[in-house]
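Here is the structure we will look at.
The values are calculated or read from the model by the stated rules, or taken from the named source; none is laboratory data. Every value quoted in this text rests on a predicted model; they were computed, and no experiment measured them. Cβ coordinates were reconstructed from backbone atoms using ideal geometry, including for glycine residues, and neighbour counts include every protein chain displayed.
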Amino acid sequence: MSGASFQRGYNALKEVIDAPIAAFFSSCVHCGMCAEACLFFTETRDPKYTPIHKLEPLRKVWKQEYTFWGKLGRAVGLSRPLTDQDLADWESLVYDSCTLCGRCSMVCPVGNDITYMIRNMREGMAAAGHAPKGLIGATRRAVTIGSPMGVKLPALQAQIRHTEKDFGVKVPVDVEGAEYLCLLSSMEIMNFPEYIGSLARIFRQANVTWTLSSEAFEATNSGIQIGVSDIAAELVQRIVDAAEALKVKAVISPECGHAYMAIRWDGPNLVGKPFNFKVQHILEVLDELRSQGRLKMKDKEAQKLTYHDPCQISRRGGVIDQPRNLLNMVADNFVEMPETGKMNWCCGAGGGVSSNERADDLRLKAFARKKAQLDAINVDAVVSACSNCRIHLEEGLEEYHMELPLLSLTETIAEHLAEE
Amino acid sequence: MTETEFLLWVRGPAFSIATFIMCAGLVIRFLEIFLLGRKADLAEARGSAAAGGFRTLFRRSVPDAGSFERSGFTIVSGYIFHIGLFIVIFLFVPHILVFEAVSGLSWPGLPSNIIDATNVVTMIALLAVLVHRIKDPVMRLLSEFNDYLVWFVTFLPLLTGYLAFHRIGLSGAMLIALHILSVEILMILFPFTKLSHAFTLWMARWYNGAIAGYKGVQS
Amino acid sequence: MSKDKTLGETLRERGISRRSFLKFCATTASMMALPPAMIPVIASTLDKLRRPSVIWLSFQECTGCTESITRSNSATIEDLIFDTISLDYHHTLQAASGSAAEHAREEAMQENHGNYILVVDGSIPGENNGYSTIAGISNKDMLLEVAAGAAAIVAVGSCAAFGGIPKADPNPTGAVSVSDLVKDKPIVNVPGCPPIPAVITGVLVQFLTFGLPELDHLGRPAAFYGKSIHDRCYRRPFYDKGLFADSFDDEGAKKGWCLFKLGCKGPTTYNACATTKWNDGTSFPIEAGHPCLGCSEPDFWDAGSFYKALSIPTEAIGKTAVYAGAAGLIAGAALGASLRARKQSAVKDHERVTIDDLDQES
């Protein structure tokens, strides 16, 4: 293999440009509205964080390869071709200051899906060797060990044993013919193992058959975050193989934003064919159970709660109403954040940013946006459905000296189940 | 060349050339984009891509409340000059006659003095937009020659139109000829600059709405 | 032939009162937008005027300009002034004919060499001198010969001033204007098809009184041609309000609305029609319901249809747009195909990226 090189990166950029991207670059009128939608800009006021600006190298490639005048301009020396230094200069813009949250794509007046373009630009950045070290490390662990945090099967098995003991539940593994194959994020396994117990309790009450897979328990996909579809496909294939081997009806993506995007929306496109099983987010399944009357609650949360929309689940994933239905079932005092639902603000840590130590300071600065939202509504606790959001909201709150518990929606529901 | 000959050339061959370049250029631009194609989405759809695309075509013109608060100037000034351009171009009777001559379609116009006032407001909005582009740090970083050129060729027809309507500075024939010429320059540059956004934004909005609509998100 | 009596003496002989004479001078002054203080100047100058010699050459013309001057109704004063100008040569108005007429011309030229006024109407074939001749002399030769000894030249009518109808496409005679041929004499263009009678005489009076008038960039006296029809038109408020007649005799036309849509060339035409009007101030084309043709402007016959509004392109734009679209489809398809091919070749050149590739810096 030839290793990372500018030539491979440039070629990758050429590959990803399609009609949508060409339409987007043609239509951008440099109005700057995307900047005001991006928390990295709003909390630093540094113009270089303007979303469309992060795409300059990709735009150059589009112009010089796929437009008549652009190609002519380069041929006669009127415009400078892209260089490796350009990609190096843009690395921190593309990886440190973008979580692929998608707000810019919602506000652009000419309709540009800037997020889509950043995702695609990362293909070229990574192939040219300009991805952040931290993210490369997480990806290496995901490929070789099976988890970006390095969680191996024994560790999971230990957590399963704890869960079964603590909650008096059975956690099925490798059960063929179960309705659902459940995936887990490393973050949940290591930091929030109560999630596994919650699944067990809820499914027991609702009479749902489910299973984990010892071959493919990891839901997160570093390949998506670093922007290498080849690696992302390899990771998805593991899940597909397990789902097909266990003959499940559907795969459930856990409380993790990018995992949902990776398996639900990118998955079939990465492996090149449709799945012969459904993919659902846990919130979708829970909401289905709720609407079928299969969830019996004993009481509700009394404290004043709000919901933080994980970007990849709500805005980019389409699971917006379900958490609200569930919260209205389980909470008495649920208030929305100002700017909520598909326009909620990112926690600042998705899209690979949390794996990138270089981006720590910037990430914590950007958290001020979420803080401002919380300051406006004065709640007792924040509920979310992504463990990465949870961890980094906690970190941000600590940084800003705020006391506010972060709750998982699945765990909260499990807490209030009417169990015998 | 006499003034009459100049006016005649501007109304004649120059207009034909500008029309040809603009129409051919826009079609080429569209195909240049469209033929790059888009991979089919193999994930199971939650909503309708087409419905999403169609909805976003229009919905994107209405900014959300948060954007309005943060980018208020850009939105308001942008709306003023776009609506102003629309009124001045499409609702002034001498212009409607041009559209009628080209397409056979006609519609009622507004009183000319209202058009004149609208023109002034539009020019002021455009000047404000230019000042903002020069002073705002984000726009300064983003802006390049193309942005200023496009501003100028958009402003020029408004200015020459104002001078022609008010008969300022030159003879009647020259004022009208320069105004038509400034429009022809705009037409020629249309497919090759950002001005093409007037047409390509419908593609961009469509793709954006389709991608989101497929997932069941209203973008 | 110059006469010994002054203009003033002649007028008094004919019984024109001082009061009437001064009234004429006042009218003339106001027509030229001159202040009242100029009236006595005009009066005293005209009074002392010795009858200048005027030679009127008619070339490729329709005689409309002569008809215009002689059609003045209350033009008693003008008539008289004309009578008292020594009109030594004029095809239509002179009594003599044949070689006697030509002889009269030559005599006048000799006697008043350097001082006579040359008035020209009609255009001149610029190259082929056989198209229009008088007594065997080509128009061009006669013009140059007579111009040589003239004090100044007045080109009356659009034909003499700009070439007029003979010059209109395809211009079979190669017609040109006076100023195309004569380069070394002051020329005053008095265009119009025909010019307004009072304008013709007004220019002559102005010239006789004050010398060469202030001319615009087309050689027209600014006093009469300084404002456009549009800027003096009584229907202008309708233009400003956007009320236009859509066709002849429709409701708008009957209400006297602006005739822009019917092709009025008022905005690009400079003349006194809207103020001085025709037939002693009776009316002018727009007032009669017909759009201005722009007849005092160069090449007005070829300036796009009389009935096509000024804003409308003269060529078939709709068709051009369709052809352009078709051409764009072909070129765009070819270009798009080549771009697609380039993208496919990039996809083909794709080397699978592994985790090891990422670790190596380029």
**Item:** Options A:Ala35, A:Ala12; residue that is under 25 Å from the mean Cα position of the chain (by Cα), farther than 30 Å from C:Glu351 by Cα, hydrophobic (A, V, I, L, M, F, W, C) and modelled with pLDDT of 95 or more
**Value:** A:Ala35
**Request:** Any chance you could count how many residues in the stretch A:85-106 are over 17 Å from A:Ser229 (Cβ atoms) and either surrounded by fewer than 24 Cβ atoms within 10 Å (Cβ to Cβ) or more than 11 Å from chain B (Cβ to nearest Cβ) (or both)?
**Result:** 14
**Message:** Could you check the stretch C:117-146 and list, in sequence order, the residues that are under 14 Å from C:Val54 (Cβ atoms) and outside any strand (DSSP E or B)?
**Reply:** C:Val146
**Complete:** Filtering helices (runs of 4 or more DSSP H) wholly in the stretch B:108-206 for at least 1 residues that are of a type in the set (Lys, Arg) and modelled with pLDDT of 95 or more gives B:112-135, B:137-142
**Message:** Cβ-Cβ under 9 Å, sequence separation 6+ or interchain: first residue in the stretch A:318-330 and free of Cβ contacts under 8 Å to residues at least 24 places away in the same chain, partner among the hydroxyl-bearing types (Ser, Thr, Tyr). Which pairs?
**Reply:** A:Gly318/B:Tyr214; A:Ile320/A:Ser314; A:Arg324/A:Tyr307
**Message:** If B:Glu69 meets every condition in (1) of a type in the set (Asp, Glu); (2) more than 7 Å from every other protein chain (Cβ to nearest Cβ); (3) touching a strand residue (DSSP E or B) at 6+ places or on another chain (Cβ under 8 Å) apart from one, which number is that one?
**Reply:** (3)
**Request:** For C:Ala333, work out the one condition from (1) outside any helix (DSSP H, G or I); (2) at pLDDT 95 or above it doesn't fulfil.
**Result:** (1)
**Prompt:** Which residue pairs have Cβ atoms under 7 Å apart, sit 6 or more places apart or on different chains, and have a first residue in the stretch B:148-164 that is touching a residue at least 40 places away in the same chain (Cβ under 8 Å) and a second that is of a type in the set (Lys, Arg)?
**Reply:** B:Val150/B:Lys194
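With A:Glu65, A:Glu56 as the choices, which residue is part of a helix (DSSP H, G or I), more than 13 Å from chain C (Cβ to nearest Cβ) and of a type in the set (Asp, Glu)? Talk me through it step by step, then tell me what you get.
Numbers: A:Glu65 fails: more than 13 Å from chain C (Cβ to nearest Cβ).
From the options A:Glu65, A:Glu56, the qualifying one is A:Glu56.
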**Request:** Would you check if there is a residue in the stretch C:209-218 being aromatic (Phe, Trp, Tyr) and assigned to a loop (DSSP other than H, G, I, E, B)?
**Result:** no
**Fill in**
Note: among C:Asp184, C:Asp246, C:Asp231, just one is assigned to a loop (DSSP other than H, G, I, E, B) and either on the phi > 0 side of the Ramachandran plot or within 12 Å of chain B (Cβ to nearest Cβ) (or both), namely C:Asp246
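Check every one of the helices (runs of 4 or more DSSP H) wholly within the stretch A:341-409 and list those with 3 or more residues that are in the same structural domain as A:Phe40 (by TED's automatic domain parsing) and buried (at least 17 other Cβ atoms within 10 Å of the Cβ).
Working: elements: A:360-366, A:368-377, A:387-399.
Helices (runs of 4 or more DSSP H) meeting the threshold: none at all.
Can you confirm whether A:Glu255 is touching an Asp or Glu at 6+ places or on another chain (Cβ under 9 Å), over 17 Å from B:Glu44 (Cα atoms) and not assigned by TED's automatic domain parsing to the domain that holds A:Gly227?
Values: touching an Asp or Glu at 6+ places or on another chain (Cβ under 9 Å): yes; over 17 Å from B:Glu44 (Cα atoms): yes; not assigned by TED's automatic domain parsing to the domain that holds A:Gly227: no.
Here the answer is no, as A:Glu255 does not meet what is asked.
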**Asked** Here are some conditions: (1) out of contact with any strand residue (DSSP E or B) (no Cβ under 8 Å at 6 or more places or on another chain); (2) over 30 Å from C:Thr201 (Cα atoms); (3) among the hydrophobic types (A, V, I, L, M, F, W, C); (4) at the interface with chain B (Cβ under 9 Å from one of its Cβ atoms). C:Ala341 meets all but one. Which one does it not meet?
**Response** (4)
**Prompt:** Identify, please: which residue in the stretch C:301-330 is among the charged types (D, E, K, R) and in a helix (DSSP H, G or I) and is, among those, farthest from the other protein chains (Cβ to nearest Cβ)?
**Reply:** C:Lys319
**Request:** State whether one or more residues within the stretch A:36-46 are among the small types (Gly, Ala, Ser) and either part of a helix (DSSP H, G or I) or not assigned by TED's automatic domain parsing to the domain that holds A:Met117 (or both).
**Result:** yes
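To keep it simple, each residue is scored yes or no on (1) surrounded by fewer than 20 Cβ atoms within 10 Å (Cβ to Cβ); (2) at the interface with another protein chain (Cβ under 9 Å from one of its Cβ atoms); (3) under 30 Å from C:His217 (Cα atoms).
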position	(1), (2), (3)
B:Ser106	yes, no, no
B:Ala117	yes, no, no
B:Met123	yes, no, no
B:Ile134	yes, no, no
B:Pro157	no, no, yes
B:Leu175	no, yes, yes
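Do we have any residue at all in the stretch C:108-116 that's buried (at least 19 other Cβ atoms within 10 Å of the Cβ), modelled with pLDDT of 80 or more, assigned by TED's automatic domain parsing to the domain that holds C:Gly157 and assigned to a loop (DSSP other than H, G, I, E, B)?
From the stretch C:108-116, those buried (at least 19 other Cβ atoms within 10 Å of the Cβ) are C:108-109, C:112, C:116; that's our starting set.
Imposing the further condition that a residue be modelled with pLDDT of 80 or more reduces the set to C:108-109, C:112, C:116.
Checking the rest, the ones that are also assigned by TED's automatic domain parsing to the domain that holds C:Gly157 come to C:108-109, C:112, C:116.
Applying the additional criterion that residues be assigned to a loop (DSSP other than H, G, I, E, B) yields C:112.
Looking for residues that are buried (at least 19 other Cβ atoms within 10 Å of the Cβ), modelled with pLDDT of 80 or more, assigned by TED's automatic domain parsing to the domain that holds C:Gly157 and assigned to a loop (DSSP other than H, G, I, E, B), one finds at least one in the stretch C:108-116, hence yes.
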**Request:** Confirm whether B:Ala24 is of a type in the set (A, V, I, L, M, F, W, C) and either surrounded by fewer than 16 Cβ atoms within 10 Å (Cβ to Cβ) or more than 18 Å from C:Ala334 (Cα to Cα) (or both).
**Result:** no
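Take residues that are farther than 27 Å from A:Phe275 by Cα and tell me which of the helices (runs of 4 or more DSSP H) falling wholly in the stretch A:124-232 contain 1 or more. First the steps, then the outcome.
Numbers: elements: A:133-144, A:153-167, A:186-191, A:194-206, A:222-226.
Fully inside the stretch A:124-232 and qualifying: A:133-144, A:153-167, A:186-191, A:194-206.
Restricting to the stretch A:201-238, name every residue that is within 14 Å of another protein chain (Cβ to nearest Cβ) and touching a strand residue (DSSP E or B) at 6+ places or on another chain (Cβ under 9 Å). Break it down into steps so the answer makes sense when it comes.
Just the residues of the stretch A:201-238 that are within 14 Å of another protein chain (Cβ to nearest Cβ), to begin with: A:221-237.
The answer is A:Leu235, and nothing else.
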**Complete:** Residue pairs within 6 Å by beta carbon, gap of at least six or interchain, first lying in the stretch B:70-93 and under 25 Å from A:Arg45 (Cβ atoms), second assigned to a loop (DSSP other than H, G, I, E, B), listed first then second, are B:Ser71/A:Met33; B:Thr74/A:Cys31; B:Thr74/A:Met33; B:Ile75/B:Pro63
**Prompt:** So which pairs qualify, if the first residue must be in the stretch C:136-154 and assigned by TED's automatic domain parsing to the domain that holds C:Leu181 and at negative phi, the second must be charged (D, E, K, R) and surrounded by fewer than 18 Cβ atoms within 10 Å (Cβ to Cβ), the Cβ gap must be under 7 Å, and the two must be at least 6 apart or on different chains?
**Reply:** C:Ala147/C:Lys185; C:Ala150/C:Lys185; C:Ala152/C:Lys185; C:Ile153/C:Lys185
**Request:** Take the stretch B:188-219 and flag every residue that is farther than 15 Å from A:Ala22 by Cα, surrounded by fewer than 22 Cβ atoms within 10 Å (Cβ to Cβ) and at the interface with chain A (Cβ under 8 Å from one of its Cβ atoms).
**Result:** B:Gly216, B:Gln218
**Among (1) more than 11 Å from the chain's Cα centre (by Cα); (2) outside any loop (DSSP other than H, G, I, E, B); (3) crowded, with 17+ Cβ neighbours inside 10 Å - the single one C:Cys159 does not satisfy** = (1)
